[in-house]
Amino acid sequence: IRDSYDYDGWPVETRLSGTVNGGVFVDYEPWDGTTNLTLTAEVPNGTVRWARLYVGAWGGTENDQGWVNVTFNGFSDRNGLGPIHLQGGEDTNPTVWCSGHGKYWIYYNVTNLTTVGSANGAHYSVINGTLDTTYGGRCYGIVLVVVYEGGDNPKSTQYWINDGSDGLHAGPYPPEHDPGTTAFDGIVDLANVTGANLTVVHLTAYEPICSNCLQFNAHSLNTSCLLYTSPSPRDR
């Protein structure tokens, strides 16, 4: 939990880690340039141990403010869901990271609202305020992460959930904030590993274009599939 806007954002850190005999489910709906976005996610069977919903919003500038609405499985009156006032450089919402020129990354604990074995729906929309101008209010995307036990095809799964909102950017003003690093601390029994997956969420990707700017254990990963133009030249 943080209590202020920060141009450089917040480091990506481990929020949850452990092992389950089940799996980790991730689904998302990417940016489509609109102020309304819906995610429909088919969560596997099992018992939900932890679930978090993430929503990204583009404010236009750090001086723009406005109200948006986020719902999950029809709920808008619990777990922080519903209308929320995004306040740019003055934002103090406890589950909102606001950085740069109005980049919002909002998170919700939806452990008790997630339905297994069926579709789950999240929706974002702009209500009013300066966020609904030409530049602001559009949704970067919606992400649902669910850690579950059991299910139809359980596997022993060691996992790390790292989150934050690191506002990487070039100089000269403010001073350059680049690169960003996150760690997955813990012992891995490599003899019993049958597969490993890394899922990364980029809000504004790379500008200028960079196809190898992501590394894992010093190995460059191909990020060409993640390349797209930032919402506005002001957000570089």
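The values are calculated or read from the model by the stated rules, or taken from the named source; none is laboratory data. Since the model is a prediction, treat every value here as computed from it, not as a measurement. Cβ placement follows ideal geometry from the backbone for every residue including glycine, while neighbour counts extend to all protein chains displayed. Surface areas here come from the heavy atoms of the whole protein model, side chains and all, with no ligands, DNA or RNA. Shrake-Rupley method; radii C 1.70, N 1.55, O 1.52, S 1.80 Å.
Of all the residues in region 3-15, those that are assigned to a strand (DSSP E or B) and of a type in the set (S, T, N, Q) number 1.
Of all residues in region 24-45, those being buried (at least 17 other Cβ atoms within 10 Å of the Cβ) and closer than 16 Å to Asn162 by Cα number 2. Of the residues making up region 94-111, just one is open to solvent by less than 30 Å² (accessible area, probe 1.4 Å) and either assigned to a helix (DSSP H, G or I) or over 21 Å from His202 (Cα atoms) (or both), namely Val110.
Looking only at region 46-59, decide whether some residue is open to solvent by 70 Å² or more (accessible area, probe 1.4 Å), out of contact with any Phe, Trp or Tyr (no Cβ under 7 Å at 6 or more places or on another chain) and modelled with pLDDT of 95 or more. Looking for residues that are open to solvent by 70 Å² or more (accessible area, probe 1.4 Å), out of contact with any Phe, Trp or Tyr (no Cβ under 7 Å at 6 or more places or on another chain) and modelled with pLDDT of 95 or more, one finds none in region 46-59, hence no. When Asp77 is tested against (1) assigned to a strand (DSSP E or B); (2) free of Cβ contacts under 8 Å to residues at least 12 places away in the same chain, just one condition goes unmet, and that condition is (1).
The sole residue among Gly18, Gly33 that is part of a strand (DSSP E or B) and at positive phi is Gly18. The single condition from (1) polar (S, T, N, Q); (2) within 16 Å of Leu203 (Cβ to Cβ); (3) in a strand (DSSP E or B) that Asn69 fails is (2). All told, Ile142 falls short of being closer than 27 Å to Leu86 by Cα, of a type in the set (Val, Ile, Thr), surrounded by fewer than 18 Cβ atoms within 10 Å (Cβ to Cβ) and in contact (Cβ under 8 Å) with a residue 40 or more places away in the chain. Within region 60-80, being at pLDDT 95 or above and surrounded by 21 or more Cβ atoms within 10 Å (Cβ to Cβ) holds for Val68, Val70, Phe72. Is it the case that some residue within region 67-90 is over 18 Å from the mean Cα position of the chain (by Cα) and of a type in the set (A, V, I, L, M)? Checked region 67-90: no residue is over 18 Å from the mean Cα position of the chain (by Cα) and of a type in the set (A, V, I, L, M).
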